[in-house]
Amino acid sequence: MSSEDVESNQNHNDHRLVRKSTFNGLIIGFITIVGIAAFFAGSYVSELNSNQITEEDLDDAIAKLELKLLQNQLPTKQPTPTVKISADNDPIIGNPDAPITIIEFSDFQCPFCARFHIQTLPLILEEYIEKGKVKLVFRDFPIQSIHPNALPASVAAECANEQGKFREMHDMLFDNQNQWNKLETSDVLSLFSNYALEIQLDKGIFDSCLTSGKYIEEIRKDLDDGRDYGVSGTPGFFVGNDQIGYVEIKGAQPFESFKKIIDAQLEA
C-alpha cells in the first residue's frame, strides 16, 4: 500500500475560489519552494521522457504497479519492536503525555494516506487518542516525483500548526484531496489560502509563511529520517515508545491491524 498512485482527472476550474491575479505575490514567493523542491527527488524520482509516453499510458502503468505493490507488500507478521524512532518536534494529535505514540510518515496527496485518514483514524481517535492512551505524531514524507502538490500541502499544514490549528488543516487537506491534487501551483496556493480562512487562521500570517520556504528544512529532515527508518512509501507508521521500541505498520491497514499492535504495546 504505497503512495505511488496516479488518480483520475477532475474538473479543476470549479475549485478556483480566488482569481489567480490576487495571488501573484504568493506565486512569486512560492517559486523559492518549488525551486528547492528538486532535492526531494533523490531515489524517489523515475526519469520519464514526456515525448515518448502519454499521460494515459503513465496512469495505466502506475495503476498496474500499485496493484502489484499492494499484493506483495502486505506483511505476514510485524517485525520485533527494537528500533528507536524519533518523533522530532512535529505536530501532535492527542495528549502529548499519552503512553503510546503512533509516528506517521505521510504525504497529503497520497490517496492511501487519505484512506487512512477517512476510514481508520476516526476509529483510532475514538478508542485510543481521545481516551489519552495514544497520540499521533505527523511527519512529512511528500514524494514530489509523483505528487507535485504534496510539498505545498505539507508547508500549509506546518504554517497552520504555527497558529495552533494543525489538526484542522490536516483534516481539511485530506477531506478535500480531490479538490487540489491535480491543480496548478497557483491554484493550489489560492485554495490553501482559502482553507486558512475557513479554519479561522490569520490569513496574512499564513500566506507569508506559505511563501517563505521556512519549513523546507523541517520537511527535508522528516524525509531523511523516514528514509533512514526504511520508509519507502506512504503511509508508514511506527507504534510504541522509546522504552519498549516501535513496531512498524506499512500502508493504510484496517483498524483491526492497528488495534492488535496498539493493545500489545499498551500491555508491554
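The values are calculated or read from the model by the stated rules, or taken from the named source; none is laboratory data. Everything numeric here is computed off the predicted structure, so don't read it as measured data. Because the Cβ atoms are built from the backbone with ideal geometry, glycine has one as well, and the counts that use them run over all protein chains shown.
Quick look at the numbers
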item: Odd one out for T101, checked against (1) polar (S, T, N, Q); (2) modelled with pLDDT under 95; (3) under 22 Å from D222 (Cβ atoms); result: (2)
item: Residue within segment 126-148 that is crowded, with 21+ Cβ neighbours inside 10 Å, of a type in the set (A, V, I, L, M, F, W, C) and modelled with pLDDT under 95 present; result: yes
item: Condition met for F255 (more than 18 Å from the chain's Cα centre (by Cα), touching a residue at least 40 places away in the same chain (Cβ under 8 Å) and closer than 21 Å to Q119 by Cα); result: yes
item: Cβ-Cβ under 9 Å pairs, at least 6 apart or on other chains, segment 147-158 side in a helix (DSSP H, G or I), far side among the basic types (K, R); result: V155/K214; E158/K214
item: Verdict on A153 being surrounded by 23 or more Cβ atoms within 10 Å (Cβ to Cβ), farther than 19 Å from L121 by Cβ and touching a helix residue (DSSP H, G or I) at 6+ places or on another chain (Cβ under 9 Å); result: no
item: Verdict on D207 being within 26 Å of P111 (Cβ to Cβ), assigned to a helix (DSSP H, G or I) and of a type in the set (D, E); result: no
item: Within segment 187-228, considering residues that are of a type in the set (S, T, N, Q) and crowded, with 19+ Cβ neighbours inside 10 Å, the one nearest to P122 (Cα to Cα); result: S193
